[in-house]
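Trainee: My questions all concern the structure below.
The values are calculated or read from the model by the stated rules, or taken from the named source; none is laboratory data. Keep in mind that this is a model prediction, so the values were computed, not measured. Ideal geometry is used to build each Cβ from the backbone, glycine not excepted, and the neighbour counts take in all protein chains shown. Quick note on the areas: whole protein, heavy atoms, side chains included, nothing else; ligands and nucleic acids left out. Shrake-Rupley method; radii C 1.70, N 1.55, O 1.52, S 1.80 Å.
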Amino acid sequence: FEEYGMKLSDINANYLPYTDGFSQLGDGNIDAAFALGGYPTAAITEIATTRNIRLIVPDEDKFANLLKKYPYYSKIVIPKEVYKQDRDIPCLGVKNIFITKKAMDAKLVYDVTKALYDHLDELAAMNATTRQIDRGTLAQLPIPIHPGAKKYFDEKK
């Protein structure tokens, strides 16, 4: 909102459970719904089967400002066929990360990291959002990386 000179008070916000927001959008009771999740998201896919939806894309300069101001976001692209759009849709993305205590045993963290990332193909066969993991950016995070995970990522360089 801030990038467009707006405040939260400029809208009539409805704080609904996730799927209710998209049901209400489909019923015409609200004008927009906000989604945070990997794609395809079931609630969006469901509404896109019965309604024409439009995913809102920030202007390029606004997008660049957001990424500069909030480095924990990244730019992702949702392929047009996912939600029946006429073009691929750039969106703000948030990396999903595992968080642990700094004091957690480094070997255990290394072993868990290795077990997950050495088997991404198997995970992707079972979970569509796993296919979105970019192996080239695994160790690029805006927070410190645990020494056990760092060891694994350093070995993969």
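Trainee: Quick one: in region 31-47, of everything that is part of a loop (DSSP other than H, G, I, E, B) and either among the aliphatic types (A, V, I, L, M) or over 20 Å from the mean Cα position of the chain (by Cα) (or both), which residue is farthest from Met126 (Cα to Cα)?
Mentor: Asp31
Trainee: Right, Asn52: in a helix (DSSP H, G or I), under 30 Å from Glu2 (Cβ atoms) and over 14 Å from the mean Cα position of the chain (by Cα) or not?
Mentor: So Asn52 fails the test.
Trainee: Residues being of a type in the set (D, E, K, R), assigned to a loop (DSSP other than H, G, I, E, B) and surrounded by 10 or more Cβ atoms within 10 Å (Cβ to Cβ): count how many of those fall in region 1-30.
Mentor: Residues flagged as of a type in the set (D, E, K, R), assigned to a loop (DSSP other than H, G, I, E, B) and surrounded by 10 or more Cβ atoms within 10 Å (Cβ to Cβ) within region 1-30 amount to 1.
Trainee: Is one or more of the residues making up region 99-116 touching a strand residue (DSSP E or B) at 6+ places or on another chain (Cβ under 9 Å) and open to solvent by less than 60 Å² (accessible area, probe 1.4 Å)?
Mentor: no
Trainee: When you look at Asn127, is it of a type outside the set (D, E, K, R), under 14 Å from the mean Cα position of the chain (by Cα) and open to solvent by 60 Å² or more (accessible area, probe 1.4 Å), yes or no?
Mentor: Criteria not met by Asn127.
Trainee: Limited to region 62-97, what total is found for residues that are open to solvent by 90 Å² or more (accessible area, probe 1.4 Å) and farther than 18 Å from Leu36 by Cα?
Mentor: Matching residues across region 62-97 total 6.
Trainee: Now, a different point. Whether any residue in region 131-150 is of a type in the set (S, T, N, Q), loosely packed, with under 12 Cβ neighbours inside 10 Å and more than 22 Å from Ala43 (Cβ to Cβ) is what I want to check.
Mentor: yes
Trainee: Same structure again: May I ask you to list the residues in region 78-122 that are within 28 Å of Lys68 (Cβ to Cβ) and either assigned to a helix (DSSP H, G or I) or touching a residue at least 60 places away in the same chain (Cβ under 8 Å) (or both)?
Mentor: Once the filter is applied, which keeps residues that are within 28 Å of Lys68 (Cβ to Cβ) and either assigned to a helix (DSSP H, G or I) or touching a residue at least 60 places away in the same chain (Cβ under 8 Å) (or both), region 78-122 yields Lys80, Val82.
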